[in-house]
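The next block holds one structure in the form of structure tokens; read it before the comments.
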Amino acid sequence: MELTPLNESNDDYRYYELFIGPNHPGIEGNFSYILKMKGHTVAEATPDPGLLHRGFEKLMERRLWTQNLALIPRICVPEPDVNEVAYCMGIEHMAKIEVPKRAQYIRVIVLELARIASFLFGVSGLGGTTGHYTSAQWLIGDRDYILDLFEWLTGGRVYHIYQYPGGVKNDLPEGWLDKLSDFLDYMGKRLPEYDKFIFKNPIIQKRTVGLGYISADEAIENGLTGPNLRASGVIYDIRKAQPYLVYDELDFEIPKTGDGDAFSRILQRRLELGESIKILRQCIKQIPQGPYRTKVPNPFQFRVPKGSYYSKVESSRGEFGYYMVSDGDVKPYRVYVRGPSYSIGLYYATKALVGMRIEDVPVWIHTTDMCPPDFDR
Amino acid sequence: MSSQDIEKKNGFAPIVGLKYLFKKPHTVRYPKEDLEVFPISGNSPNYRGFHTNDLEKCIGCGNCARVCPTDAVTMVETTDLKPANKFAKTVRPVFDYGRCCFCAQCVDVCPTGSLQMSRDYIHTFHPSVSISVEEEPEIVSKDFIWRADSTHVGNPGYVRNEKNKFDKVINFERTAPKKTDPAKRKISFSKYVQIYSKEEAEKEASRCLGCGACVEACPNELHIPEYISAISKGDPEESLTWIYKRNPLPLICGEVCTHQCEEACVVGIQGEPLAIRWLKAFSASNVDDYLKISNFLPKSNGKKLAAIGGGPASLSFGYYARLLGYDVTIYEAEEKLGGAMMWGIPIYRLPKDEMMKDINAILSTRIEVKLNTKVGRDVKFEDLMRSYDAVFIGVGNSKPMTLRIKGEDLENVVQGLTFMHMVNDGTLKDLNGKKIVVVGGGNVAMDVARSSVRLGADVTIVYRRRIKDMPADPEEIEDASQEGVKIVEMGVPIEIYGEKHAKEFEYAVASLVPDPSGGRPRPVVDDKSPHVKISADYVVAAIGQTPSIDFIPVDIQQKIGFDGKSIPVDEYGRTKVKGLFCGGDASNARQDIISAIGSGMRAAKGVEVYLAKEEGNV
């Protein structure tokens with residue numbers, strides 16, 4: 001019998017398989033990559049989705065249009081509101097429902113608050129993967145102040161179920177905008193501290209600068225959107241490119257970083273956070289009085305006219321789209337959810353992770369701020 | 001700070017975090033401390049916690065269970081409840097918190113506002129979690145399944161704001177059909193309520209919750225949610241198909257039904273009920289050819305049935321018996337079909353062409369009609385019994401009740417139905433300047449009063465109770481007073497004066513005494529009651545009628561147990577005589593068209609059962 005030689009020419013010896021996730025602290029959500037490793041270096045990455053088993057799209061076809069409002073926020077836990085808004089905007093477009101100005105402003109407020117909350121949640125995860133746990137606790141603690149505001153506005157902390165076709169469910173409570181203003185002041189004070197504590201921190205910079213470089217062409221070719229795309233120097237934001245709600249009435253800029261590495265991706269998010277605060281301050285000043293919802297038929301008789309529409313919202317991760325088809329009945333015929341992490345987490349990761357060292361993989365995952373439920377919906 | 005500043009690496013920068021060593025934490029130590037952000041400490045003011053349900057305000061409509069996306073709500077039977085109204089069911093929602101997702105959609109669709117959510121959320125499960133349902137069913141059901149009562153009622157969270165109309169997911173405002181102006185409509189007999197346009201009908205239909213509370217209230221249990229839903233979908237043909245399953249006179253009912261369904265409509269508890277009747281009229285008037293949608297007509301099975309009377313009961317009996325394969329012959333004493341619908345209802349409410357549209361559709365199923373044939377005069381009742389396999393009596397009420405006061409036998413003192421017959425067949429053409437007193441508060445009284453107004457008369461209705469006690473449709477009462485009909489409440493007729501013609505009418509103003517047995521309060525006239533005399537050229541007594549079945553031989557009359565007011569029948573319209581069926585006003589407590597249709601339909605089924613038994617097939 002001839003023994004297999006234990007040397008470099010034998011593949012079984014050279015490579016080994018490593019599961020990163022679903023119970024690995026470095027992964028986001030209930031998802032895993034099967035990595036083929038050579039020593040410390042990734043030779044091949046295979047995404048392994050399907051652990052969530054949720055079948056949202058199919059479930060939606062069995063439920064009334066408005067019943068789905070309780071289901072769709074669950075597609076994305078860190079930022080559920082984009083789902084609700086995109087879904088409602090799609091219905092409104094197909095059914096030709098006009099949304100009152102006040103409702104549109106409230107939606108912008110909710111979306112921007114959700115963007116801030118999502119940033120805080122995402123970067124806190126980075127704290128976990130770099131061993132920088134204090135920052136994780138700071139950010140999660142600050143995110144709770146946003147959840148308090150949401151709880152007051154909507155009655156729920158995480159799943160708000162607040163949007164409704166034609167507007168929003170309740171008006172802003174009395175004194176809520178004052179509290180929001182207080183929170184923005186607080187965030188304004190906290191931001192320089194984040195900068196010093198996280199972004200200027202030599203440990204964070206050492207781990208992220210130059211990691212996982214994505215060129216502008218590559219980013220476009222692979223369908224990246226949101227901060228991941230903008231960090232590579234491509235300035236594209238749906239809020240500016242195809243303004244929805246009242247974004248065209250608000251004055252804000254798209255910050256530019258453009259190095260394309262992991263650090264510029266989190267920096268891009270940090271700078272956009274500043275813009276979100278600017279938008280919120282304008283909303284507080286500009287929000288008009290008036291109705292906050294257009295009456296639509298009750299849930300049992302709410303029929304959306306025959307047609308289809310792709311509605312999209314700029315989420316904190318990029319373009320969040322809902323492709324909806326209606327056959328004129330009380331239930332959707334088909335709803336397709338296109339989450340922003342789809343392109344980077346499921347597709348581009350197979351290229352990006354190759355050649356990376358194992359300890360950099362969780363950092364890379366967290367700087368792309370991907371959310372596995374986007375593609376495992 | 002610009003991006004360049006942030007990017008600059010600085011080993012000393014993180015020291016900024018040290019100061020937080022000496023600051024208070026973000027967290028609150030619950031339950032010692034509570035969040036202080038909200039106007040009230042603890043949870044937010046409209047927190048979506050456990051449900052509360054006012055069990056006596058709740059009517060058990062089940063909309064919460066139907067809208068629940070997680071199927072967490074079950075309706076269970078309850079006992080010892082004081083119902084909110086006579087249509088309230090005895091079931092109440094129960095919440096399974098193992099399934100509930102706290103989305104509050106149940107609260108949004110609650111038409112009574114009884115279901116709310118509280119700020120309570122702590123849901124401790126004290127026995128070991130490993131316990132199985134089989135081992136400890138009581139503990140599990142107590143802790144995981146919530147019988148929503150008043151436990152959390154002192155801590156309201158997500159509730160619907162009554163004042164704020166945007167807060168409501170249900171549309172409470174009715175789309176009223178267009179009506180002609182009272183000044184214009186009182187000079188003409190043309191129809192004054194316009195049938196909904198497509199947009200109006202769809203808008204009104206989209207208010208329906210589809211719970212079916214109306215179905216139980218309807219004497220013939222029509223498929224109301226289904227046909228309204230079809231209208232909302234924009235399909236009047238499908239809607240009419242649903243209606244035809246239990247009502248072959250859709251347009252007539254659409255115009256003049258007593259719409260008990262609307263009283264039961266759950267949307268009406270906090271708002272205006274759906275205009276179910278007008279929606280039916282919309283469906284029926286938007287389908288030109290009923291036969292296109294009506295049921296497949298079977299071949300004749302050779303059995304022959306007779307129906308006496310040409311009103312709604314006989315027509316309905318004839319139609320459904322025909323669908324079962326029988327050959328039906330209708331015997332009508334007058335020159336036209338329709339009975340009370342033809343002669344009793346004024347044409348401004350039910351134009352005759354609309355009525356004939358329904359009737360012709362029924363007749364086109366090959367039902368034989370013998371007009372001007374009065375049973376008892378032209379044909380003998382016994383002959384019918386002998387030559388037909390079964391006989392249906394649908395003669396309605398034609399013997400009017402009398403006022404039992406002095407002067408009733410004067411000329412120009414007429415009965416309501418006689419008066420309406422005169423108006424409808426054209427013998428009474430002009431009442432210009434005449435003074436008319438109508439006694440009664442039912443729909444016939446309203447028809448008499450409003451027809452007289454259209455003929456130019458000055459009309460006073462005298463009713464012995466209050467306006468709100470009147471059995472007539474409130475809409476009719478309102479429309480009548482808009483047209484200038486005067487209504488005297490609590491007027492008890494005393495005497496009619498005059499030599500040959502009626503000249504004056506005297507009534508006493510009664511006082512109302514509560515009925516000890518719990519019925520409507522009774523008007524009582526005593527010595528102190530003031531008496532009022534008004535001049536009257538006509539006095540019309542519209543206080544109800546009883547059936548006249550003189551055509552039936554006395555021995556059979558006794559056999560079926562006729563008591564002078566109604567013919568007793570069972571649930572299939574069977575009388576105590578073999579092969580003799582009865583329906584319509586002659587046997588129904590509710591004397592309206594839809595009950596007549598229902599009894600006709602049930603009698604058709606009864607005939608099927610009876611004949612099958614006769615042949616020994618059962």
Fill in the blank from the handout: Scanning segment A:304-321 residue by residue, those under 19 Å from A:Tyr236 (Cα atoms) and aromatic (Phe, Trp, Tyr) turn out to be A:Tyr310, A:Phe320
Exercise for the section: For segment B:96-110, name all the residues that are more than 8 Å from chain A (Cβ to nearest Cβ) and either modelled with pLDDT under 90 or part of a loop (DSSP other than H, G, I, E, B) (or both). Expected result: B:Asp96, B:Tyr97, B:Gly98, B:Arg99, B:Cys100, B:Cys110
Fill in the blank from the handout: The condition of being touching a helix residue (DSSP H, G or I) at 6+ places or on another chain (Cβ under 9 Å) and either of a type outside the set (Gly, Ala, Ser) or not in a loop (DSSP other than H, G, I, E, B) (or both) holds, among B:Glu495, B:Glu499, B:Glu476, only for B:Glu476
Exercise for the section: Go through (1) within 14 Å of chain A (Cβ to nearest Cβ); (2) among the aliphatic types (A, V, I, L, M); (3) in contact with a strand residue (DSSP E or B) (Cβ under 9 Å, 6 or more places away or on another chain) one by one and return the number of the condition B:Val37 breaks. Expected result: (3)
Problem - Flag for A:Leu180 being surrounded by 18 or more Cβ atoms within 10 Å (Cβ to Cβ), closer than 30 Å to A:Gly90 by Cα, out of contact with any Ser or Thr (no Cβ under 7 Å at 6 or more places or on another chain) and at the interface with chain B (Cβ under 10 Å from one of its Cβ atoms) - result: no
Practice task
For residues that are under 19 Å from A:Pro297 (Cα atoms), within 13 Å of chain B (Cβ to nearest Cβ) and of a type in the set (A, V, I, L, M, F, W, C), scanning just segment A:61-96, find the one that is surrounded by the fewest Cβ atoms within 10 Å (Cβ to Cβ).
Solution key: A:Ala95
Handout entry: Selection count where residues are aromatic (Phe, Trp, Tyr) and either within 21 Å of A:Ile97 (Cβ to Cβ) or at pLDDT below 90 (or both), scope segment A:224-248
Key = 2
Practice task
Give the number of residues within segment A:284-309 that are away from every other protein chain (no Cβ under 11 Å) and surrounded by 23 or more Cβ atoms within 10 Å (Cβ to Cβ).
Solution key: 1
Exercise for the section: Could you check, for segment B:275-294, whether at least one of its residues is surrounded by fewer than 20 Cβ atoms within 10 Å (Cβ to Cβ) and farther than 30 Å from B:Gln194 by Cβ? Expected result: no
Completion exercise
Quick count over segment B:558-590, residues being assigned to a helix (DSSP H, G or I) and surrounded by fewer than 17 Cβ atoms within 10 Å (Cβ to Cβ), is 2
Completion exercise
Residue hits (segment B:24-34; more than 10 Å from chain A (Cβ to nearest Cβ) and exposed (fewer than 11 other Cβ atoms within 10 Å of the Cβ)) are B:Lys24, B:Arg29, B:Tyr30, B:Pro31, B:Lys32, B:Glu33
Practice task
Working carefully through the options A:Glu218, A:Glu275, A:Glu253, find the one that is more than 20 Å from the chain's Cα centre (by Cα) and either in a helix (DSSP H, G or I) or within 20 Å of A:Ser315 (Cα to Cα) (or both).
Solution key: A:Glu218
Handout entry: Identity of the residue in segment A:255-269, within 23 Å of A:Lys189 (Cα to Cα) and among the aliphatic types (A, V, I, L, M), that ends up nearest to the other protein chains (Cβ to nearest Cβ)
Key = A:Leu267
Practice task
Go over the candidates A:Glu314, A:Glu272 one by one and state the one that is away from every other protein chain (no Cβ under 12 Å), among the charged types (D, E, K, R) and touching a residue at least 12 places away in the same chain (Cβ under 8 Å).
Solution key: A:Glu314
Handout entry: Qualifying positions in segment B:269-323 - more than 21 Å from the chain's Cα centre (by Cα), without any contact (Cβ under 8 Å) to a residue 40 or more places away in the chain and under 18 Å from B:Tyr244 (Cβ atoms)
Key = B:Asp288, B:Asp289, B:Phe296, B:Pro298
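For every residue, the table says whether it meets (1) at pLDDT below 90; (2) touching a strand residue (DSSP E or B) at 6+ places or on another chain (Cβ under 9 Å); (3) not in a strand (DSSP E or B).
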{"position": "B:Thr427", "(1), (2), (3)": "yes, no, yes"}
{"position": "B:Leu431", "(1), (2), (3)": "yes, yes, yes"}
{"position": "B:Ile436", "(1), (2), (3)": "no, yes, no"}
{"position": "B:Ala445", "(1), (2), (3)": "no, yes, yes"}
{"position": "B:Ala449", "(1), (2), (3)": "no, yes, yes"}
{"position": "B:Ser452", "(1), (2), (3)": "no, yes, yes"}
Completion exercise
By residue number, the members of segment B:229-259 that are part of a helix (DSSP H, G or I) and either in contact with a Leu (Cβ under 6 Å, 6 or more places away or on another chain) or within 20 Å of B:Arg349 (Cβ to Cβ) (or both) are B:Ile231, B:Ile243, B:Pro250, B:Leu251, B:Ile252, B:Cys253, B:Gly254, B:Glu255, B:Val256
Exercise for the section: Filter segment A:145-177 down to the residues that are among the aliphatic types (A, V, I, L, M) and in a helix (DSSP H, G or I), then identify the one that is farthest from the other protein chains (Cβ to nearest Cβ). Expected result: A:Leu177
Completion exercise
Selection over segment B:8-23 where residues are more than 7 Å from every other protein chain (Cβ to nearest Cβ) and surrounded by 13 or more Cβ atoms within 10 Å (Cβ to Cβ) yields a count of 1
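The values are calculated or read from the model by the stated rules, or taken from the named source; none is laboratory data. Since the structure is predicted, the reported quantities are computational estimates derived from the model, not experimental observations. For neighbour counting, all protein chains shown are included, and Cβ atoms are generated from backbone atoms with ideal geometry for every residue, glycine included.
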